[in-house]
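Heads up: the structure comes next, in structure tokens.
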């Protein structure tokens, strides 16, 4: 295909380096978007691994809510000694996190999300699951993940839970629900480039159906664990839609 126009004819009067650059930008091919890799066969028969990292703190309540709950606990413990609330209400964010984690033994779902996404890449793009996992520290750079993964897998999936915890509502501090946010990036370990990425968020939006703290924590935090599992499934669906185009 010939690229010619009056504008290009005028360019010929410019110096060769400038004309060459302008012609390249006007007639050359545009850089391939990230999704082209995933849409094609670049992953077929390529090994794909995933990272694991320590879970971030499980957070809950702001300082104003915590202060209010101190008063509630002081009064409530006198009239509701058989309820969980007086003993479970958090007085600080750290206290809320510790109680939820200690009584519920909750687990960061990032690893489960990674495994589901790897399975999706196997089924949809013909990738081959690499042996083992790559443990990485927090705040690690993409280039460092790529460097550490070379020899283990051609591509590395890095899923990180960025935020998770319990949230209340602006007009209701006595009912809670889970907020969860994670990010994922697919890294080419040879080039060190991120070839696909996505973010998923799940936050409380139904105050009428939100449980109280007792309901979340009863039976070894069965309801809280169910909320986490649901958030993970929704996250997988969101990330698949964003990364498997």
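Let's see how each residue does on (1) under 21 Å from residue 181 (Cα atoms); (2) assigned by TED's automatic domain parsing to the domain that holds residue 45; (3) touching a helix residue (DSSP H, G or I) at 6+ places or on another chain (Cβ under 9 Å); (4) modelled with pLDDT of 95 or more:
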residue: 83; (1), (2), (3), (4): no, no, yes, no
residue: 87; (1), (2), (3), (4): no, no, yes, no
residue: 93; (1), (2), (3), (4): yes, no, yes, no
residue: 117; (1), (2), (3), (4): yes, yes, yes, yes
residue: 128; (1), (2), (3), (4): no, yes, yes, yes
residue: 134; (1), (2), (3), (4): no, yes, yes, yes
residue: 149; (1), (2), (3), (4): no, yes, no, yes
residue: 156; (1), (2), (3), (4): yes, yes, yes, yes
residue: 163; (1), (2), (3), (4): yes, yes, no, no
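Candidates 183, 191: the one that is touching a residue at least 24 places away in the same chain (Cβ under 8 Å) and closer than 16 Å to residue 52 by Cβ is 183.
Output yes when any residue across the stretch 172-188 is at negative phi and assigned to a loop (DSSP other than H, G, I, E, B), and no when none is. Spell out how you get there, then give the answer.
Filtering the stretch 172-188 for residues at negative phi gives 172-188.
From what's left, assigned to a loop (DSSP other than H, G, I, E, B): none.
No: the stretch 172-188 contains no residue that is at negative phi and assigned to a loop (DSSP other than H, G, I, E, B).
Being surrounded by fewer than 17 Cβ atoms within 10 Å (Cβ to Cβ) and not in a strand (DSSP E or B): is that true of residue 211 here? It is true that residue 211 is surrounded by fewer than 17 Cβ atoms within 10 Å (Cβ to Cβ) and not in a strand (DSSP E or B). Among the residues of the stretch 97-113, those that are part of a helix (DSSP H, G or I) and either at pLDDT 85 or above or closer than 18 Å to residue 222 by Cβ (or both) comprise 99, 100, 101, 102, 103, 104, 110, 111, 112, 113.
The values are calculated or read from the model by the stated rules, or taken from the named source; none is laboratory data. All values reported here derive from a predicted model rather than from experimental measurement. Glycine also receives a Cβ, built like all others from the backbone with ideal geometry; neighbour counts cover every protein chain displayed.
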